[in-house]
Amino acid sequence: MKLGLNLGYWGMGNDADNLALAREADQLGFSVVWAAEAYGSDAVTVLSWVAAQTSEIDVGSAILQIPARTPAMTAMTAATLDTLSGGRFRLGLGVSGPQVSEGWHGVRFAKPLARTREYVDIVKLALSRQRVRYDGETYRLPLPDGPGKALHLMVHPVREHVPIYLASVGPKNLELSGELADGWLAIFFTPKFADEQFEHLRAGLSKAGRTLDGFDVVASVPMVVGEDPVECAKPVRPYNALYVGGMGSREQNVYNDLAVRMGYGEQAAEVQNRYLARDYDGAAAAIPAEFVDATSLLGPAGRIAERMAQFADAGVTTLSIMPLGDTMDVRMAALRTAVDALDRSGAGA
């Protein structure tokens, strides 16, 4: 198992600190640094900036929003970032949610699975530098009965293959990830619930005639170092509540659905009710302690090492940590603790 760094949404904190974290992760031998986008900063600009100021670490989008760009634009971006970074780019994609897709981008959220399949098909076709012709339900290239012509990508990525990851939560999306992608971007991953998720991944991989060999399972995990795991859980709770309670609507929230499938149905409903009523502190307090602990790395280095071994045994190949803390020194120290803990765990690649 390798280590990654998840910077989350740029602009939500001290950006200079985030860049310093990325540089430190580069020096410590982390394999990849990820940046996200919602309706604030875009991930492409952030990753360009980070790639220009690091040397070895890969830069990955977790995620680029499918409704925000045409598939051809995403292929152009992937090729450009791969070239400028010297072959260090990883393309993570996701459909976002209905509120962002329709409210921010003006793109209907209907049929997200079919749209993702077509999108990935076209991105792969373009990155292979073939002429792009596609006749799908969502995308038709060139448009029929018009002046458009089938074009091919003018530039060549450093690598013949830019790895593609899908952010998947539901069972059908997990299967699609196994079928189409090189890796899975997981959120709220816990070894206790891994068997069911891997069953869906394997079903998709089997459709493509593949196995888990070489497939990158990336778990994004909050990390807080300290003597008391209960105290360490406190800064993680608002993050959990945001997703379980506030990402999406009451009718459509894939993270809430995931918590329900994990066995926290009653608590997930309470978190959502409180969050949608703008009782954010109450929503955070309603997150079950077991849920926080199971999906995070909390406590002293020895305990974190034990948890890392469990993640590796469950099938995680890249553990992407989100270091939380009140100060930059604490977050920096967490990166070094992660390296030490992985070494202690015996699970390092």
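The values are calculated or read from the model by the stated rules, or taken from the named source; none is laboratory data. Computed from a predicted structure; not experimentally measured. Counting neighbours? That spans all protein chains shown, and the Cβs are built from the backbone with ideal geometry, glycine included.
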### Task
Assess whether ALA72 counts as being touching a residue at least 24 places away in the same chain (Cβ under 8 Å), touching a Gly at 6+ places or on another chain (Cβ under 8 Å), crowded, with 17+ Cβ neighbours inside 10 Å and of a type in the set (Gly, Ala, Ser).
no
### Task
Check whether at least one residue in segment 129-136 is under 21 Å from ALA68 (Cα atoms) and surrounded by 20 or more Cβ atoms within 10 Å (Cβ to Cβ), and report yes or no.
yes
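Looking at segment 86-107, which of the residues that are free of Cβ contacts under 8 Å to residues at least 60 places away in the same chain and among the small types (Gly, Ala, Ser) is farthest from LEU125 (Cα to Cα)? Before you say what the answer is, go through the steps one by one.
Here is the first cut: in segment 86-107, the ones free of Cβ contacts under 8 Å to residues at least 60 places away in the same chain are 88, 95-96, 101-103, 105-107.
Now restrict to residues that are among the small types (Gly, Ala, Ser): 96, 101, 103, 106.
Working: SER96: 23, SER101: 24, GLY103: 30, GLY106: 26 Å.
Checked segment 86-107; the qualifying residue farthest from LEU125 (Cα to Cα) is GLY103.
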### Task
Would you check if ALA181 is closer than 26 Å to LEU84 by Cβ and crowded, with 21+ Cβ neighbours inside 10 Å?
yes
### Task
Check ASP26 against each of (1) crowded, with 17+ Cβ neighbours inside 10 Å; (2) within 18 Å of the chain's Cα centre (by Cα) and name the one condition it does not meet.
(2)
#### Entry: Residue within segment 229-241 that is of a type in the set (Asp, Glu) and over 20 Å from the mean Cα position of the chain (by Cα) present
yes
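Looking at the structure I just gave you, is VAL162 outside any loop (DSSP other than H, G, I, E, B) and surrounded by 17 or more Cβ atoms within 10 Å (Cβ to Cβ)? Before the answer, list the steps.
On the way: outside any loop (DSSP other than H, G, I, E, B): no; surrounded by 17 or more Cβ atoms within 10 Å (Cβ to Cβ): yes.
Judged against the criteria, VAL162 is not a match.
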### Query
Which of the residues spanning segment 221-248 are over 18 Å from ILE287 (Cα atoms) and of a type outside the set (D, E, K, R)?
VAL225, GLY226
### Query
Given the conditions (1) in a helix (DSSP H, G or I); (2) touching a Pro at 6+ places or on another chain (Cβ under 8 Å); (3) under 22 Å from TYR39 (Cα atoms), which single one is not true for ASN256?
(2)
### Query
How many residues are in contact (Cβ under 8 Å) with a residue 40 or more places away in the chain, among the polar types (S, T, N, Q) and under 19 Å from SER206 (Cβ atoms) if we restrict to segment 169-196?
1
### Task
For residues that are more than 19 Å from the chain's Cα centre (by Cα) and among the charged types (D, E, K, R), scanning just segment 242-269, find the one that is surrounded by the fewest Cβ atoms within 10 Å (Cβ to Cβ).
GLU251
### Task
Have a look at GLY214, GLY282, GLY209 and point out the one that is more than 21 Å from GLY92 (Cβ to Cβ), small (Gly, Ala, Ser), without any contact (Cβ under 8 Å) to a residue 60 or more places away in the chain and not in a helix (DSSP H, G or I).
GLY209
### Query
For segment 291-299, does any single residue satisfy the condition of being modelled with pLDDT of 95 or more, over 16 Å from LYS234 (Cβ atoms), outside any helix (DSSP H, G or I) and of a type in the set (S, T, N, Q)?
no
### Task
Please name all residue pairs, on different chains or six or more residues apart, with Cβ atoms under 6 Å, provided the first residue is in segment 223-234 and is farther than 9 Å from GLY299 by Cβ and the second residue is modelled with pLDDT of 95 or more.
MET223/LEU297; MET223/ILE321; MET223/PRO323; MET223/ALA334; ALA233/VAL292; ALA233/LEU298
### Qualifying residue in segment 239-253 (condition: in contact with a helix residue (DSSP H, G or I) (Cβ under 6 Å, 6 or more places away or on another chain), under 25 Å from LEU113 (Cβ atoms), in a helix (DSSP H, G or I) and touching a residue at least 60 places away in the same chain (Cβ under 8 Å))
no
## Note on the structure
Restricted to segment 4-17 and to residues being touching a helix residue (DSSP H, G or I) at 6+ places or on another chain (Cβ under 7 Å) and either within 17 Å of SER85 (Cα to Cα) or among the hydrophobic types (A, V, I, L, M, F, W, C) (or both), the residue modelled with the lowest pLDDT is TRP10
### Query
If you check SER320 against the conditions, is it of a type in the set (S, T, N, Q) and in a strand (DSSP E or B)?
yes
#### Entry: Test set (1) part of a loop (DSSP other than H, G, I, E, B); (2) under 17 Å from the mean Cα position of the chain (by Cα); (3) surrounded by fewer than 22 Cβ atoms within 10 Å (Cβ to Cβ) - GLY8 fails condition number
(1)
### Message
On the basis of being under 23 Å from SER177 (Cβ atoms), crowded, with 22+ Cβ neighbours inside 10 Å and polar (S, T, N, Q), does GLN65 make the cut?
### Response
yes
### Task
Kindly list the number of the only condition in (1) closer than 13 Å to MET223 by Cα; (2) part of a helix (DSSP H, G or I) that fails for GLN267.
(1)
